[in-house]
Structure formats: structure tokens, C-alpha cells
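The values are calculated or read from the model by the stated rules, or taken from the named source; none is laboratory data. The model shown is predicted, which means the values in this text are computed figures rather than measured ones. Heads up, the Cβs are rebuilt from the backbone with ideal geometry, glycines too, and the neighbour counts pull from every protein chain shown.
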Amino acid sequence: MPDDSLQGTGPLETALRDATALAFAVRTGEASAESVLAEARSRADAAPALCAFIQEDWDGAALAAREVDRRRDRGKDVGPLAGVPLSVKDVIAVAGLQVTGGSAAYAGNIASFTATAVRRLQEAGAVVIGKTNCPEFAFGAVTESAVGGRTLNPRFPGATAGGSSGGEAAAVAAGISALGLGTDYGGSLRWPAQCVGITALRPTPRSVPDLGIVPGAGGWYGGGKPSPPGARLQAATQVIGPLARSVRDLRTALAVFTDRRPGVRTSLAGIVPGNVAVAWSDGSALGPVRREVSEKIALLAVQIAPEVRTLTHVPDLFAGSLTAYNRLRPVDPMIDHAAAVAGHEHLILPANLDVIQRSMQTDAGELEAAVAESEQARRRELAVFDTADIVLLPVAGGPACDVSGKLDIDGQSIFGWDIMGQCRAVTMVGAPVVSLPVAFSSEGLPLSVQVVARPGADALALDFAEWLEGFTRLNLPVSRQ
């Protein structure tokens with residue numbers, strides 16, 4: 001493809017219907033929830049080597065789907081997600097299903113509690129089909145675990161499905177689930193969404209109920225009553241959020257999570273993008289970035305400039321937040337994880353055990369200094385929203401890495417967390433962000449942007465992302481992928 005072109009990778013360019021379309025078909029009787037589920041199961045059966053799931057529950061899903069159909073036939077409201085196949089990352093509890101956190105220490109562990117976010121989706125008509133694979137304790141930019149094996153990328157063989165919500169991303173991209181539920185601490189929704197070419201929402205922290213994530217307070221692992229995480233950085237920045245095949249699906253999921261009526265836009269409705277001020281960066285102040293990524297986001301800025309109120313280039317956007325994040329994360333005592341691994345140390349991956357144990361040895365003064373720096377950095381970085389409504393920057397410095405976790409940046413190899421610097425910086429700011437595919441790399445792999453709004457302005461991030469989703473599809477060449 002030409003180096004100066006952008007190519008749309010929107011989820012609606014595939015033959016797969018998004019969750020909104022599936023739910024509409026079920027509500028109107030065009031399709032039954034059972035038939036939708038049967039299609040999902042056939043795709044799962046056709047991809048046994050995908051390793052997206054650690055446990056599938058088609059029998060339980062069939063019961064739930066039949067109940068959706070019965071309610072519809074009786075004239076009852078079946079909800080905005082009627083019959084939508086839903087998969088759940090294996091750090092989120094669903095009663096009666098495994099919750100292992102990708103760790104051999106908890107293989108076979110069964111949850112007795114359903115996370116609030118999952119329950120709300122179920123009440124909206126979604127049908128849980130199973131739990132998806134993730135690296136141990138969701139530590140990793142690729143998804144491989146002792147419980148679920150290595151998750152493959154269903155759309156781009158040879159590339160990773162990302163991490164840590166890689167099982168979720170793979171299941172949604174493969175058409176097995178139409179909506180996925182994952183978590184994001186330093187990029188674990190946004191990065192895998194890019195890797196497979198779908199969308200994801202990292203909501204403003206605390207806007208979506210996070211009860212039911214493991215390890216929880218005191219090492220909670222799915223039994224009894226959960227409590228929110230206790231470690232400071234984790235409690236302040238870890239979120240539950242959706243992965244989907246369209247931005248409108250993300251909007252519906254957020255409305256369900258927050259008990260708002262789906263479809264209602266709550267900020268700047270009707271004036272996106274004309275009254276929106278946009279700031280952008282190529283993310284190179286946050287880590288190595290391929291030349292083609294810099295060129296493509298610059299071209300995207302040129303393309304949207306006539307459509308928005310103002311457009312400002314801010315090269316060092318969020319650089320202070322990344323520095324603060326990288327200083328605080330390793331010294332923030334991982335008290336919940338430490339409690340979870342106690343007595344199981346021999347079953348924990350050595351690298352993960354070392355990270356947990358080292359964090360517990362933090363000097364109190366060092367921790368307080370890191371916390372103070374993070375708070376100061378966040379206040380400074382939020383100043384960008386005094387003049388900009390939306391911020392755009394890449395999800396990463398390149399496309400999906402290979403299955404070993406290596407990403408080539410113009411001849412330089414980077415690994416692991418270094419890949420996710422652009423995501424980590426936004427995490428520290430505490431802002432809502434949509435991960436949206438807008439272009440392809442030279443290898444034909446998706447490249448996504450982060451559409452960021454000020455904390456609490458999730459609806460605005462979704463508004464602009466939905467407009468951008470349509471803009472890239474209508475105004476730019478369509479990919480052959």
C-alpha cells in the first residue's frame with residue numbers, strides 16, 4: 001500500500017455483525033438468541049487451536065439464550081444486549097465458572113460470586129459463553145498462560161493477539177463473542193484491541209463497578225464477598241471495560257454499566273466534530289515509534305483538520321505521566337497479589353513472583369515520593385484539556401508484536417511493557433480512552449489511535465471516536481485484510 005495513505009480497519013468491514021445489530025435482530029424476532037448462540041459456537045468449534053478460552057460454557061449459555069427468547073415471545077423487554085454472546089476475561093469472577101487469573105496456582109478454582117459489571121450485562125440480555133485466557137495475573141503484553149496456553153491472533157496469523165486481555169480480543173475478532181469484558185491497568189484493553197483490529201474502551205476509573213477482579217483485596221480469589229483492590233496505583237487506575245466490533249457497542253456497554261439509557265449521548269451531542277478542539281502527538285516522547293506510525297497519525301491530523309474547530313500538535317503530550325507511572329508501579333506494594341500467592345509460591349512464574357515480592361520491600365519514603373510525583377504529573381498533564389476537548393495519540397509505537405513479544409521499531413527491538421508506553425501514560429492521567437483502528441502498517445497489521453477525553457467525559461470520547469470511525473471508513477481507502 002502507499003506509504004502516504006491511511007486505510008480503514010473498521011469492524012463493520014468484516015462479515016461479522018456487531019453486538020448492536022445482533023441484539024436488534026433478537027429483539028425484533030429476525031433472529032433468535034439460540035440461533036445467534038449457535039453461530040458463535042460454530043465459530044468456536046472451527047478454531048480449536050485459537051486458545052482464546054480457558055473455559056467455555058455452552059450449556060449454561062443455551063439456558064440463558066432460551067430465556068431471552070421466551071421473554072421476547074411473551075412481549076417482555078429483553079434488553080439492549082438481547083442474546084449477545086459475551087466472553088469474560090479470566091481475572092473477572094463469574095459464579096460457577098473458573099477464575100484462575102491465568103495462574104497454575106488457581107487452576108480449577110471456581111468463583112462463587114459474579115462481578116457487578118458482568119451481572120449488569122447479563123441483566124441487559126447478554127449471554128455469557130465462557131472465560132478467556134490471559135497471562136498470569138494479567139502481567140504481559142502477549143497472552144500465554146499455564147492454564148490456557150498461547151492465544152493466537154485470528155485475523156493476523158504470526159502476530160500476537162496482545163495482552164493482557166488477549167483472549168478477549170481474539171474471541172471478539174474471531175466472531176465467537178460479540179462483546180468482551182476485560183481489564184486495563186497499563187494498556188490491557190487498548191493494546192490487544194489494536195493487535196486484532198477491534199475497538200475497546202478504557203472508561204474513567206471508578207465509573208464502571210470493579211468488584212470481582214482477582215486478585216482482590218486481601219488476595220480474594222472469587223469466594224465469598226469481594227472488596228476493591230487495596231494497592232494504591234492498582235486501585236486508582238485499574239478498570240473493567242468492553243472490547244467490541246464497533247464504537248456504538250462500546251457506548252451501549254458503558255450505558256449498561258452506568259445504568260444510563262443506551263444511545264443517549266451526554267456531552268456535545270450533535271456538534272462533533274465541528275465544535276471540538278483536538279490536540280495530537282505521535283507518541284514519540286513516550287517511547288520508540290516507527291516512522292510510518294508518525295507519518296500516519298500526522299496524515300490523520302491533516303485529514304481531520306478541516307472538520308474540527310482547532311487542531312494543535314503537542315509533541316511531548318503526557319510525557320511526565322509516563323515517567324511518574326514507571327517510577328510508581330514497581331514500588332507500589334502489590335499487597336493483594338502478595339496475599340494471593342502466599343503458600344503458592346512454587347506455582348507462580350518466577351518473574352511474576354519476583355515483581356510481587358520486590359514491590360513489598362519498598363521503602364516508605366520512596367513510595368510517598370513516587371505517589372507525590374504521580375499526583376503532580378497528573379495535575380500538569382490534565383492542563384491539556386483546558387484548551388483541547390479530545391487528544392489523539394497512537395496506542396503503541398508499532399503494530400502487533402510477534403508471538404514472542406518482540407516488536408520491531410525501524411530496526412530496534414522492544415519487548416514487554418516498553419511496547420505499552422503510550423498506553424501507560426494515559427493510564428496515569430486517569431482519562432477515558434477509546435482504542436480505534438484507523439490504519440495499517442507496512443505488514444498489513446492494524447494501527448490504532450487512542451481517542452482521549454478529560455476524566456469523566458467518556459461520552460465525548462465515544463462521540464468523537466464514533467465520528468472518526470465513520471470518517472476513516474468513508475474518506476479513506478479500504479484495506480484488503
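Quick one: which residue in V147, V128, V94 is out of contact with any Cys (no Cβ under 6 Å at 6 or more places or on another chain) and within 17 Å of W220 (Cβ to Cβ)?
V94
Considering each of G79, G102, G96, G108 in turn, give the residue that is within 22 Å of the chain's Cα centre (by Cα) and in a loop (DSSP other than H, G, I, E, B).
None of the others qualify; the one that does is G102.
Only one residue in A19, A31, A25 is modelled with pLDDT of 95 or more, crowded, with 23+ Cβ neighbours inside 10 Å and closer than 18 Å to A124 by Cβ. Which one?
Testing whether each residue is modelled with pLDDT of 95 or more, crowded, with 23+ Cβ neighbours inside 10 Å and closer than 18 Å to A124 by Cβ leaves just A19.
For the stretch 129-158, give me each residue that is under 18 Å from the mean Cα position of the chain (by Cα) and outside any loop (DSSP other than H, G, I, E, B).
Within the stretch 129-158, G130, K131, T132, E136, F137, A138, E144, L152 qualify.
Please verify whether the stretch 168-181 includes one or more residues that are touching a Gly at 6+ places or on another chain (Cβ under 9 Å), of a type outside the set (S, T, Y), under 15 Å from F137 (Cα atoms) and in a loop (DSSP other than H, G, I, E, B).
no
Hey, does the stretch 406-415 have a residue that's within 18 Å of I297 (Cα to Cα), among the hydroxyl-bearing types (S, T, Y) and either without any contact (Cβ under 8 Å) to a residue 24 or more places away in the chain or touching a strand residue (DSSP E or B) at 6+ places or on another chain (Cβ under 8 Å) (or both)?
No, the stretch 406-415 has no match at all.
Within the stretch 107-137, can you find the residues that are touching an Asp or Glu at 6+ places or on another chain (Cβ under 9 Å), of a type outside the set (K, R) and surrounded by fewer than 22 Cβ atoms within 10 Å (Cβ to Cβ)?
Within the stretch 107-137, just T116 meets the criteria.
List pairs: first residue in the stretch 295-320 and among the hydroxyl-bearing types (S, T, Y), second residue assigned to a loop (DSSP other than H, G, I, E, B) anywhere in the structure, Cβ distance under 9 angstrom, at least six positions apart or on different chains.
Note: pairs meeting the criteria are T310/V276; T310/T387; T310/A388; T312/T387; T312/A388.
Go through the stretch 404-425 and report how many residues are under 21 Å from P135 (Cβ atoms) and not in a loop (DSSP other than H, G, I, E, B).
The initial filter retains those residues of the stretch 404-425 that are under 21 Å from P135 (Cβ atoms), namely 404-407, 413-424.
If we keep only those that are not in a loop (DSSP other than H, G, I, E, B) as well, we get 406-407, 413-424.
Matching residues across the stretch 404-425 total 14.
For residues that are touching a helix residue (DSSP H, G or I) at 6+ places or on another chain (Cβ under 9 Å) and over 18 Å from A44 (Cβ atoms), tally how many sit in the stretch 96-134.
19
Failed condition for E292, given (1) more than 20 Å from the chain's Cα centre (by Cα); (2) at pLDDT below 90, with all others met?
Exception for E292: condition (2).
Which is within 16 Å of A465 (Cα to Cα) and modelled with pLDDT of 95 or more, of L268, L254, L322, L286?
On the way: L268 fails: modelled with pLDDT of 95 or more; L322 fails: within 16 Å of A465 (Cα to Cα); L286 fails: within 16 Å of A465 (Cα to Cα).
Result of the check over L268, L254, L322, L286: L254.
Filter the stretch 98-150 for residues that are under 20 Å from H344 (Cβ atoms), among the hydrophobic types (A, V, I, L, M, F, W, C) and in contact with a strand residue (DSSP E or B) (Cβ under 9 Å, 6 or more places away or on another chain) and give the result.
Passing the criteria: V99, A104, A107, I110, A111, C134, A138, V147.
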